[in-house]
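> Below: one structure in structure tokens.
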Amino acid sequence: MSLAGSRISISAGGTLLIDGIDCTVPSGSVSALVGPNGAGKSTLLRTLAAVHRPDSGDVTFDGIDLLGAPRRERARLVAFVEQDASTETAMTVASVVGLGRLPHQSLWRDETADSAAIVASALDATGMGGFAPREFASLSGGERQRVMLARALAQEPSLLLLDEPTNHLDISAQLAALALLRSLAAGGMTVLAALHDLGLAATYADHVIVLRAGRVVAAGPTAATLTSELLREVYGVEATVLTNPVTGGIVLAFSPLA
């Protein structure tokens with residue numbers, strides 16, 4: 001079940017933010033959306049999640065028109081985790097995660113027993129099981145980020161979109177979150193994450209989409225796409241691509257242009 005964006009264009013205040021983008025996220029992969037600050041990563045991600053409607057273009061997942069799908073149907077397929085999480089009302093962590101079950105509940109009957117088990121499982125998967133009774137507003141930024149990931153997991157989506165999911169997390173929590181995304185993809189979920197850290201993208205993503213100034217400049221398997229030449233062109237740095245002696249994956253080392 002792959003995600004596809006076709007001819008997506010978005011303008012705001014007379015400025016073209018996304019310029020006719022075509023992109024594809026392979027089924028069952030962890031894909032990274034990368035690019036310099038201001039490249040349009042968050043804007044594109046919100047459009048692929050159907051949170052933001054583009055000026056033109058189409059977004060489909062497994063052949064389903066996400067922009068045209070009823071909201072409830074879309075919420076059963078797609079979960080979106082934004083960078084910064086907040087609630088306007090006082091809620092416990094368990095209640096916030098429980099909101100992820102709303103697309104699966106009917107107007108006449110709650111999934112009370114099943115929902116409770118799914119919420120508990122989502123909290124455990126993100127390392128937040130012990131926080132269930134805590135007030136969400138009392139948590140740190142990193143803890144809130146993990147709770148919002150748990151809420152997305154409680155939706156039981158087929159497609160998971162995340163905007164900077166390692167934001168606010170310490171290195172241990174970053175590695176745990178990205179390892180979780182890899183395990184979700186191994187189970188068949190399609191995952192796309194906007195990542196600021198190219199090192200994490202190189203280590204954990206199967207596939208990358210590289211943006212610059214609202215356009216896709218490269219896309220494909222991570223090791224074949226994140227080349228020294230591309231990183232020099234897009235980021236203006238010298239990059240040395242190394243092999244991790246433990247994992248066999250790629251490691252990026254950066255230095256300023258001479």
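> With the structure loaded, tell me whether ALA50 is at pLDDT below 95 and touching a helix residue (DSSP H, G or I) at 6+ places or on another chain (Cβ under 9 Å) or whether it fails that test. Spell out the reasoning first.
Values: at pLDDT below 95: no; touching a helix residue (DSSP H, G or I) at 6+ places or on another chain (Cβ under 9 Å): yes.
It is false that ALA50 is at pLDDT below 95 and touching a helix residue (DSSP H, G or I) at 6+ places or on another chain (Cβ under 9 Å).
> To continue, here is another question. What tally of residues in the stretch 124-149 results from selecting those that are of a type outside the set (S, T, N, Q) and over 20 Å from ALA193 (Cα atoms)?
Start the filter on the stretch 124-149 by keeping residues that are of a type outside the set (S, T, N, Q), which leaves 124-125, 127-137, 139, 141-144, 146-149.
If we keep only those that are over 20 Å from ALA193 (Cα atoms) as well, we get 124, 128-137, 139.
Result for the stretch 124-149: 12.
> Being in a strand (DSSP E or B), closer than 25 Å to PRO157 by Cβ and touching a Lys or Arg at 6+ places or on another chain (Cβ under 8 Å) is the filter here, so list the residues in the stretch 183-242 that pass it.
ALA194, LEU211
> In the stretch 110-124, is there at least one residue being in contact with a helix residue (DSSP H, G or I) (Cβ under 7 Å, 6 or more places away or on another chain), among the small types (Gly, Ala, Ser), in a strand (DSSP E or B) and crowded, with 16+ Cβ neighbours inside 10 Å?
Among the residues of the stretch 110-124, not one is in contact with a helix residue (DSSP H, G or I) (Cβ under 7 Å, 6 or more places away or on another chain), among the small types (Gly, Ala, Ser), in a strand (DSSP E or B) and crowded, with 16+ Cβ neighbours inside 10 Å, which makes the answer no.
> Select, from ALA69, ALA85, the only residue that is under 30 Å from ILE18 (Cα atoms), modelled with pLDDT of 95 or more and either in contact with a strand residue (DSSP E or B) (Cβ under 6 Å, 6 or more places away or on another chain) or not in a helix (DSSP H, G or I) (or both).
Details: ALA85 fails: modelled with pLDDT of 95 or more.
It is ALA69.
> Name the residues in the stretch 182-221 that are crowded, with 21+ Cβ neighbours inside 10 Å and of a type in the set (Ser, Thr, Tyr), would you?
THR190, TYR204
> Output the number of the condition that GLU229 fails; it satisfies all remaining conditions of (1) within 14 Å of LEU33 (Cα to Cα); (2) out of contact with any strand residue (DSSP E or B) (no Cβ under 7 Å at 6 or more places or on another chain).
If we test GLU229 against (1) within 14 Å of LEU33 (Cα to Cα); (2) out of contact with any strand residue (DSSP E or B) (no Cβ under 7 Å at 6 or more places or on another chain), just (1) comes out false.
> Only one of ALA32, ALA39, ALA50 is crowded, with 20+ Cβ neighbours inside 10 Å, outside any loop (DSSP other than H, G, I, E, B) and not hydroxyl-bearing (Ser, Thr, Tyr); which? Give the steps one after another, and end with the answer.
Numbers: ALA39 fails: outside any loop (DSSP other than H, G, I, E, B); ALA50 fails: outside any loop (DSSP other than H, G, I, E, B).
The conditions single out ALA32.
The values are calculated or read from the model by the stated rules, or taken from the named source; none is laboratory data. The model shown is predicted, which means the values in this text are computed figures rather than measured ones. FYI the Cβ positions are ideal-geometry reconstructions off the backbone, even for glycines, and counts take in every protein chain you see.
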